[in-house]
Amino acid sequence: MKPLFKGKHLITLEEWTKPEIDTLLAVSNELKHDFLTNKPTRYLENKVAFLMFFEQSTRTRNSMEAGIAHLGGTGIFLDTSKMQIAHGESAKDTAMILSSYGHAIACRNCFWQVGNRYLREMAEHSTVPIMNLQCDLYHPMQGLADLMTIQEVYPTTEHLKVSIIWAYATTHKKPISVPLTQILLFPRYGMDVTLAYPEGYDLPDWAIQKAKENALANHGSFRITHQMEEAYCDADVVIPKNWGSWVTNDSTAVVDDLLQQYQSWKCTESMMALAKPTVRYMHALPADRGNEVEDSVIDGKHSIIYQEAENRLHTAKAVMALTIGDK
Ligand code: CP
């Protein structure tokens with residue numbers, strides 16, 4: 001396989017054209033088929049990707065590590081608390097050194113107003129592709145897997161009614177990067193996107209503006225509601241998920257008075273009954289079961305969470321296969 005996008009950074013899918021994203025998805029589908037039929041795919045022999053994590057991960061770390069192994073290369077997991085970053089080493093120096101040792105640098109840094117800047121600084125100085133494994137603003141690897149999954153279920157996405165719905169959770173104050181990525185990406189595929197959240201959980205104005213522009217340019221639509229029921233009504237896909245109130249309150253406190261007002265924002269059987277009978281339930285995971293969603297929904301017939309999580313592997317492999325090349 002030719003690395004068609006050799007050296008291209010993936011920090012946000014906004015910097016990838018639709019034909020480029022379509023190519024990523026086509027290769028993801030091919031690699032999925034190859035994996036499931038045990039066909040060798042050693043496109044990255046002798047290639048090394050560094051996988052830097054400032055935070056915990058199950059899907060992202062393991063889809064990248066397993067993915068590069070399937071492609072014949074090596075992934076090196078780096079817990080940044082054990083690197084000299086912990087003593088203040090700069091993003092520039094880290095990027096320059098790691099680029100000289102390997103062929104890609106992937107990084108998760110979700111610290112609010114820090115993570116994306118950190119990735120941008122690495123990209124400025126890296127000689128190999130930088131892959132965003134989730135920052136404070138974007139989660140492109142998740143967005144790709146979500147889009148792949150939706151396209152598997154609904155081959156035509158035009159005017160598909162997709163609702164991205166805030167949900168109550170107490171596990172940790174989560175980044176806004178998953179819903180932000182989804183509101184930017186899905187309208188580019190002609191979907192009718194509804195963003196629903198209670199007052200105080202706004203996404204940044206620039207992202208809302210861009211989501212509207214993406215919808216207008218691609219025959220989709222984008223609307224905001226603060227009525228949870230409205231978002232479930234007649235939906236084809238619902239994605240109820242918590243995110244933190246970073247835009248209005250940058251405190252890291254998980255539980256506060258604002259959050260506690262909205263315990264009723266839970267994905268329940270009665271909410272699901274408002275959607276189309278064929279509705280699909282999605283979640284990037286990990287889910288806060290019992291708070292964000294009832295077990296009977298996440299484990300029920302509408303749920304495609306495991307297909308969505310599995311597709312993280314195939315999309316991660318496509319990104320690596322198409323961007324990592326020879327020195
Ligand atoms: N969805 C997702 O990114 O999962 P992890 O945090 O486990 O990587």
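Could you run through segment 112-138 and say how many residues are of a type in the set (A, V, I, L, M, F, W, C) and either assigned to a loop (DSSP other than H, G, I, E, B) or surrounded by fewer than 22 Cβ atoms within 10 Å (Cβ to Cβ) (or both)?
5
Looking at segment 57-94, which of its residues are within 16 Å of the ligand (Cβ to nearest atom) and closer than 17 Å to Val114 by Cα?
Thr80 - this is the single residue of segment 57-94 that is within 16 Å of the ligand (Cβ to nearest atom) and closer than 17 Å to Val114 by Cα.
Quick check, is Met141 more than 14 Å from the ligand (Cβ to nearest atom) and crowded, with 24+ Cβ neighbours inside 10 Å?
no
Restricting the search to segment 147-180, which residues are more than 15 Å from the ligand (Cβ to nearest atom) and part of a helix (DSSP H, G or I)?
Result: Ile150, Gln151, Glu152, Val153.
Six or more apart or on different chains, Cβ under 9 Å: which pairs go from a residue in segment 278-292 that's farther than 15 Å from Thr58 by Cβ and away from the ligand (no atom under 15 Å from the Cβ) to one that's modelled with pLDDT under 95 and part of a loop (DSSP other than H, G, I, E, B)? Could you list them?
Asn291/Thr171
Can you find a residue that is assigned to a loop (DSSP other than H, G, I, E, B), touching an Asp or Glu at 6+ places or on another chain (Cβ under 8 Å) and farther than 16 Å from Glu230 by Cα anywhere in segment 253-267?
no
Scan segment 115-131 and give yes if some residue there is at pLDDT 95 or above, within 11 Å of the chain's Cα centre (by Cα) and either farther than 18 Å from Leu13 by Cα or of a type in the set (S, T, N, Q) (or both), otherwise no.
Scanning segment 115-131 turns up no residue that is at pLDDT 95 or above, within 11 Å of the chain's Cα centre (by Cα) and either farther than 18 Å from Leu13 by Cα or of a type in the set (S, T, N, Q) (or both).
What are the pairs with Cβ atoms under 8 angstrom where one residue, in segment 297-309, is farther than 12 Å from Thr268 by Cα and the other, located anywhere, is of a type in the set (S, T, N, Q)? Sequence gap at least six, or different chains.
Between residues of segment 297-309 that are farther than 12 Å from Thr268 by Cα and residues that are of a type in the set (S, T, N, Q), the close pairs are Ile304/Thr149; Gln307/Thr149; Glu308/Thr149.
For segment 43-56, enumerate the residues that are within 16 Å of the ligand (Cβ to nearest atom) and of a type in the set (A, V, I, L, M).
Matches in segment 43-56: Ala49, Leu51, Met52.
Out of (1) more than 12 Å from the chain's Cα centre (by Cα); (2) under 23 Å from Gly67 (Cα atoms); (3) among the acidic types (Asp, Glu), what's the single condition that is false for Asp146?
(1)
Report whether or not Thr41 is on the phi < 0 side of the Ramachandran plot, out of contact with any strand residue (DSSP E or B) (no Cβ under 6 Å at 6 or more places or on another chain), loosely packed, with under 14 Cβ neighbours inside 10 Å and β-branched (Val, Ile, Thr).
Here the answer is no, as Thr41 does not meet what is asked.
May I ask you to say which residue of Ser99, Ser90, Ser57 is surrounded by fewer than 22 Cβ atoms within 10 Å (Cβ to Cβ) and under 27 Å from Arg188 (Cβ atoms)?
The match here is Ser57.
For segment 185-205, state whether one or more residues are of a type in the set (S, T, N, Q), without any contact (Cβ under 8 Å) to a residue 60 or more places away in the chain and away from the ligand (no atom under 16 Å from the Cβ).
Yes - at least one qualifying residue is present in segment 185-205.
Given (1) within 12 Å of the ligand (Cβ to nearest atom); (2) over 13 Å from Thr60 (Cβ atoms); (3) not charged (D, E, K, R), where does Cys135 come up short, assuming only one miss?
(2)
Before we move on, is Asn132 touching a Pro at 6+ places or on another chain (Cβ under 8 Å), in contact (Cβ under 8 Å) with a residue 40 or more places away in the chain and of a type outside the set (A, V, I, L, M)?
In short, yes.
The values are calculated or read from the model by the stated rules, or taken from the named source; none is laboratory data. In this text, all values refer to a predicted model and were calculated from it rather than measured experimentally. In this analysis, Cβ positions are derived from the backbone assuming ideal geometry, glycine residues included, and neighbour counts consider all displayed protein chains.
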